[in-house]
Amino acid sequence: MDLGPHAAFIWASYGAVAFVLVVLLVWLIWDGRRQLRLLHELEQRGVRRRSGR
Amino acid sequence: MKPMSTDAQTTPQSLTQRLANPTRFMELSGVILPWLSALAAGIILYGLYLTFFVAPPDYQQGETVKIMFIHVPSAWLGMMGYAMIAISSFGLLVFRHPLADVSAKAAAPIGAAFTLLALITGSLWGKPMWGTYWVWDARLTSVLILFFLYLGLMALRSSLDDEALAAKQTAVLGLAGVVILPIIKFSVDWWNTLHQPASVVKMGGPAIHPSILYPLIINAVGFSILFLALHMKGMRNEVLRRRVKALRMAEVEQAARGREASTAASG
């Protein structure tokens with residue numbers, strides 16, 4: 001695939017988009033798993049919300 | 001605690017009230033999110049195929065037009081993210097919608113990421129096309145201000161421990177900052193800018209050849225669905241974070257009650 005004389009700028013743009021979106025995605029998945037683990041630990045200790053009684 | 005009125009117990013909930021319930025949101029989003037993510041991935045992959053194997057080089061920009069296929073959707077979504085924050089802020093301040101602050105908080109880092117990408121890809125397009133990475137023209141500067149607004153919203157929220165106060169203050173800033181959106185949109189008409197005027201969303205239809213417009217639209221749709229999926233995931237995380245916080249508070253209360261009971265028994 002020949003992207004012409006400005007290929008480096010094109011690849012850098014797509015690389016930046018891929019990098020930022022992957023970081024965002026990994027952070028969201030990690031954060032979701034962390035919150036679920038914390039919630040599970042609290043429930044294991046028998047803690048219940050007031051509305052849940 | 002005052003007992004609920006008979007009306008509140010018997011009146012059927014409206015659709016908005018039912019969707020406002022965080023538990024119902026978690027159930028619904030848990031079903032939708034995998035499908036939304038798969039749809040976004042499929043459309044983005046198709047968009048990349050069109051970008052690198054189908055779309056012709058532009059008669060002026062050459063292959064550099066490929067940067068536009070990600071720059072334009074990033075810029076649109078940077079603005080859409082802020083519009084989402086403004087609508088959510090309005091929903092919080094006026095209707096006290098239980099999920100409005102969750103939505104505003106989740107949209108901020110995602111909108112900031114897309115605005116940053118619009119700035120980076122714009123610079124990388126500008127160097128070969130304009131001969132410079134950056135100029136202080138109205139469009140570029142107003143998008144940079146939008147990025148700083150996102151950072152300001154996140155900094156303000158994280159600087160306040162009281163979550164209800166943080167929600168209100170960021171909602172006020174979010175609503176006040178919405179003035180940046182028409183400034184960005186019309187900056188190319190109001191001032192002499194190096195940035196070209198609107199060429200897709202304009203009176204009289206797009207000024208782009210269909211062979212370039214089609215991949216651009218496909219990428220824009222794919223990235224928009226990705227934005228919605230990321231936002232939904234962010235909202236789910238925030239609902240879970242608030243549940244964790246509520247349980248920790250309940251744990252502290254239980255421990256305090258236990259101490260009081262043992263003190264009373266020993267006394």
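The values are calculated or read from the model by the stated rules, or taken from the named source; none is laboratory data. Remember, it's a predicted structure, so these values are computed and weren't measured experimentally. Backbone-built Cβ (ideal geometry, glycine too); neighbour counts: all protein chains shown. Surface areas here come from the heavy atoms of the whole protein model, side chains and all, with no ligands, DNA or RNA. Shrake-Rupley method; radii C 1.70, N 1.55, O 1.52, S 1.80 Å.
So here's what we get for this one:
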{"quantity": "Unique residue being buried (at least 24 other Cβ atoms within 10 Å of the Cβ) and of a type in the set (Val, Ile, Thr) when the list is B:ILE120, B:ILE110", "calculated": "B:ILE110"}
{"quantity": "Single match in B:ILE70, B:ILE32, B:ILE110, B:ILE43 (criterion: touching a residue at least 24 places away in the same chain (Cβ under 8 Å) and touching a His at 6+ places or on another chain (Cβ under 9 Å))", "calculated": "B:ILE110"}
{"quantity": "Scope region A:26-53; condition at the interface with chain B (Cβ under 7 Å from one of its Cβ atoms) and either in contact (Cβ under 8 Å) with a residue 12 or more places away in the chain or hydrophobic (A, V, I, L, M, F, W, C) (or both); matching residues", "calculated": "A:LEU28, A:LEU36, A:LEU38, A:LEU39, A:LEU42, A:VAL47"}
{"quantity": "Among the residues listed as B:ARG236, B:ARG242, the single one being in contact with a helix residue (DSSP H, G or I) (Cβ under 7 Å, 6 or more places away or on another chain), open to solvent by 30 Å² or more (accessible area, probe 1.4 Å) and either at pLDDT 85 or above or hydrophobic (A, V, I, L, M, F, W, C) (or both)", "calculated": "B:ARG236"}
{"quantity": "Unmet criterion (only one of (1) among the hydrophobic types (A, V, I, L, M, F, W, C); (2) open to solvent by less than 40 Å² (accessible area, probe 1.4 Å); (3) within 14 Å of chain A (Cβ to nearest Cβ)) for B:LEU228", "calculated": "(2)"}
{"quantity": "Residues of region A:7-24 satisfying the condition of being facing chain B (nearest Cβ under 7 Å) and open to solvent by 50 Å² or more (accessible area, probe 1.4 Å)", "calculated": "none"}
{"quantity": "Any hit, region B:176-191, residues being more than 24 Å from B:TRP134 (Cβ to Cβ) and at pLDDT 90 or above", "calculated": "yes"}
{"quantity": "Residue match in region B:186-208 (condition: under 24 Å from the mean Cα position of the chain (by Cα), under 30 Å from B:LEU92 (Cβ atoms) and assigned to a helix (DSSP H, G or I))", "calculated": "yes"}
{"quantity": "Count of region B:24-72 residues which are of a type in the set (Gly, Ala, Ser), touching a helix residue (DSSP H, G or I) at 6+ places or on another chain (Cβ under 7 Å) and either open to solvent by less than 40 Å² (accessible area, probe 1.4 Å) or more than 14 Å from chain A (Cβ to nearest Cβ) (or both)", "calculated": "5"}
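Each row is one residue, and each column tells you yes or no for (1) assigned to a helix (DSSP H, G or I); (2) closer than 17 Å to A:ALA12 by Cβ.
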site: B:GLN60; (1), (2): no, no
site: B:MET84; (1), (2): yes, no
site: B:SER88; (1), (2): yes, no
site: B:HIS97; (1), (2): no, no
site: B:ASP101; (1), (2): yes, no
site: B:LEU117; (1), (2): yes, yes
site: B:MET129; (1), (2): yes, yes
site: B:LEU151; (1), (2): yes, no
